[in-house]
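Bear in mind these aren't lab numbers, they're just calculated from the coordinates by the rules spelled out. Nothing here was measured: the structure is a model prediction, and the numbers come from that model. Using ideal geometry, Cβ is built from the backbone for each residue, glycine included, and neighbour counts are taken over all protein chains shown.
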Amino acid sequence: MDGSMQNFGTTGLMSDAITRYISTPDGQEKIIRFLASPEGMTMLKNFAATPDGKRVVLSILPQLLEGLDLPAHMKDAIKNAIPH
């Protein structure tokens with residue numbers, strides 16, 4: 001990756017703008033819509049296959065499980081199966 005791409009994600013102003021936008025209802029809806037699209041699903045699958053992606057998925061999985069309408073014993077079983 002060249003230097004311009006490395007600096008792209010570390011720009012403070014851009015990060016602040018993105019954080020503010022995704023904290024709005026409109027931003028959240030657009031992100032959810034994108035992630036549910038075929039392109040978003042592909043991006044998520046590719047990211048989840050990377051070492052960083054696996055760490056992120058494992059760190060947010062317990063929170064995601066709490067939002068699902070599953071019996072408590074099923075949530076506990078899934079949480080217990082998550083590698084620590």
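About its Cα centre, the range 38-84 has a charge dipole of approximately 160 debye under the convention of +1 per Lys or Arg Cβ and -1 per Asp or Glu Cβ, with nothing else charged.
Here is the size of the chain from its Cα atoms: Rg then Dmax, 16.2, 49 Å.
What the Cα convex hull of the range 38-84 gives, in volume per residue, is 81 Å³. Relative to the longest principal axis of the Cα atoms of the chain, helix 12-22 runs at roughly 50 degrees. Projecting label points 7 angstrom from Cα along Cα→Cβ for residue 18 and residue 64 puts them 1.9 nm apart.
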